[in-house]
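Here is the structure we will look at.
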Amino acid sequence: ITVHIVHVVQLYYPVPSGSIRYFSEIGKRLVAHGHQVTVLTTEAYDLEALWQTNRRVIDVPEEWHEGVRIVRFPVQRRGGHPLVYPVLRRLWVELGRLPVPVAWLRKFAAWTPQVPHIAQWLTDQHATIDVMHVTNVTLDGLIHPVMDVAERFGIPVLCTPFMHLGEMHDPAFVRYYSMP
């Protein structure tokens, strides 16, 4: 049986990072076993390009690498000034320490960098998708739309939460990645 797996990752080839290596290896192995793999990602080369306009981007909307189809989408930044997102993110971390309903926090998450064309692509292609796999806990603007499309069309979805908890002695750092 051949399946179509769609990975949704904030950055992808040729960007060097751990999550990219992880998804690249999975994709390459799935393709070697005869499956179809599509990666939906942003145009960002630098992570900061998700909230700052003056960072590097990849100006190739679609390409293939190691048998994997890569489709890149533009980022929609909210708030204007590049400091707005980091300040809001810090505010959400602190709100996560309070007894605030998680549903409220999810609404706040809508202010993270958005990639609205990903949800539209998934909606348009839903009949061809067998499984979706999304990542990056701190970029809720990518995760929630994928989860919503998966739920609407009954597509199984996996989430790999890459959490950088290497600084276990810094409670603020841990809170940033583990907030509700």
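The values are calculated or read from the model by the stated rules, or taken from the named source; none is laboratory data. Since we're looking at a predicted model, the values are computed, not measured. Counting neighbours? That spans all protein chains shown, and the Cβs are built from the backbone with ideal geometry, glycine included. Heads up: the accessible areas ignore ligands, DNA and RNA and are worked out on the full protein's heavy atoms, side chains in. Shrake-Rupley method; radii C 1.70, N 1.55, O 1.52, S 1.80 Å.
Take the residues in the stretch 112-144 that are part of a helix (DSSP H, G or I) and closer than 22 Å to LEU91 by Cα; name whichever of them is most open to solvent (accessible area, probe 1.4 Å). Can you show your working first?
Filtering the stretch 112-144 down to residues part of a helix (DSSP H, G or I) leaves 116-128, 140-144.
Imposing the further condition that a residue be closer than 22 Å to LEU91 by Cα reduces the set to 140-144.
Values: ASP140: 30, GLY141: 5, LEU142: 10, ILE143: 18, HIS144: 49 Å².
Once the filter is applied, the top-ranked residue is HIS144.
Quick one: count up the residues across the stretch 28-45 that are without any contact (Cβ under 8 Å) to a residue 24 or more places away in the chain and open to solvent by less than 40 Å² (accessible area, probe 1.4 Å). It would help to see each step written out before you state the result.
Step one: filter the stretch 28-45 for residues without any contact (Cβ under 8 Å) to a residue 24 or more places away in the chain, giving 29, 33.
Those left that are additionally open to solvent by less than 40 Å² (accessible area, probe 1.4 Å): none.
Total meeting the criteria: 0.
Exactly one residue out of HIS169, HIS164 is modelled with pLDDT under 80, within 19 Å of PHE23 (Cα to Cα), open to solvent by 50 Å² or more (accessible area, probe 1.4 Å) and of a type outside the set (Asp, Glu), and it is HIS164.
Out of all the residues in the stretch 5-23, which are touching a Phe, Trp or Tyr at 6+ places or on another chain (Cβ under 6 Å), in a helix (DSSP H, G or I) and buried (at least 18 other Cβ atoms within 10 Å of the Cβ)? Outline the logic, then answer.
As a first pass, look at the stretch 5-23 and keep what is touching a Phe, Trp or Tyr at 6+ places or on another chain (Cβ under 6 Å): 7, 9, 15, 19-20.
Retained after the next criterion (residues that are in a helix (DSSP H, G or I)): 19-20.
The answer is ILE20, and nothing else.
Just to be sure, is VAL102 of a type in the set (A, V, I, L, M), within 19 Å of VAL134 (Cβ to Cβ), out of contact with any Gly (no Cβ under 8 Å at 6 or more places or on another chain) and open to solvent by less than 50 Å² (accessible area, probe 1.4 Å)? Before the answer, list the steps.
Working: of a type in the set (A, V, I, L, M): yes; within 19 Å of VAL134 (Cβ to Cβ): yes; out of contact with any Gly (no Cβ under 8 Å at 6 or more places or on another chain): yes; open to solvent by less than 50 Å² (accessible area, probe 1.4 Å): no.
Against the criterion (of a type in the set (A, V, I, L, M), within 19 Å of VAL134 (Cβ to Cβ), out of contact with any Gly (no Cβ under 8 Å at 6 or more places or on another chain) and open to solvent by less than 50 Å² (accessible area, probe 1.4 Å)), VAL102 does not qualify.
With the condition kept exactly as written, say whether any residue in the stretch 62-79 is on the phi > 0 side of the Ramachandran plot, in a loop (DSSP other than H, G, I, E, B) and open to solvent by 60 Å² or more (accessible area, probe 1.4 Å).
Yes, because at least one residue in the stretch 62-79 is on the phi > 0 side of the Ramachandran plot, in a loop (DSSP other than H, G, I, E, B) and open to solvent by 60 Å² or more (accessible area, probe 1.4 Å).
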